[in-house]
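Every number in this text was worked out from the coordinates using simple rules, so none of it is lab data. Only a predicted model underlies this, so the values are computations on that prediction, with no experimental measurement involved. Every residue, glycine among them, receives a Cβ derived from its backbone with ideal geometry; neighbour counts consider all protein chains shown.
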Amino acid sequence: MTRLQVVKERRKLYVFHHRTLLEDYDVHLGNTAVGPKRFRGDGKTPEGTYLIDRRNPNSSFHLSLGISYPNEQDVAYARSFGRDPGGDIFIHGDRRKTDPRGKDWTAGCIAVKDREMENIYAMVRNGTPIDIFA
């Protein structure tokens, strides 16, 4: 079984098959990378256990894999503050060459280089678990 892990502090994405590490990639995160995503527009990348729930071969960022954020706990937390938890969190390819933003430039997504995204896209199917750690 394939499983993904992201360690935000290390800026790394790991691809495992059972307990064997297949690949690891450097990542860019949300533009406010420290802390879990709580609300739409907070610029944070979620933390927790999710699933890859969709594939987009026509992504604006080369290719993309959807992450099942928000889960029930994320929705409940945001609603307890009267807020929207946000959504549309993806693993996707790199920014455009003309984009001037710094190292953590996404709106909460996880970005890798385009060629790396091609490898990940080929290895990962819908239903693949992804753990995102601080």
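Of all the options 83, 55, 95, the one that moves most in a Gaussian network model of the chain with Cα springs shorter than 10 angstrom is 83. Model label sites at residue 71 and residue 1, defined 7 Å from Cα along the beta-carbon direction, differ in position by 1.3 nm. When you restrict to C-alpha pairs under 8 Å that are six or more residues apart and normalise by the size of the chain, the relative contact order lands at 33 percent. Listed values for segment 22-30 are Karplus-derived 3J(HN,Hα) couplings in whole Hz (6.51 cos²θ - 1.76 cosθ + 1.60, θ = phi - 60°), namely 8, 8, 9, 9, 6, 10, 10, 10, x, and x replaces Gly and Pro.
Helix-only estimate, please: 222 nm mean residue ellipticity of the chain, summing -39500 (n - 2.57) across DSSP H runs of length 4 or more and dividing by its residues, to the nearest 500.
-4000 deg cm²/dmol
The label point for residue 10 and the one for residue 39, both projected 7 Å from the Cα toward the Cβ, are 3.2 nm apart.
With a Förster radius of 35 Å, plug the Cβ-Cβ distance of residue 113 and residue 19 into 1/(1 + (r/R0)^6) and report the FRET value to the nearest 0.05.
Once the sixth-power term is evaluated, E becomes 0.85.
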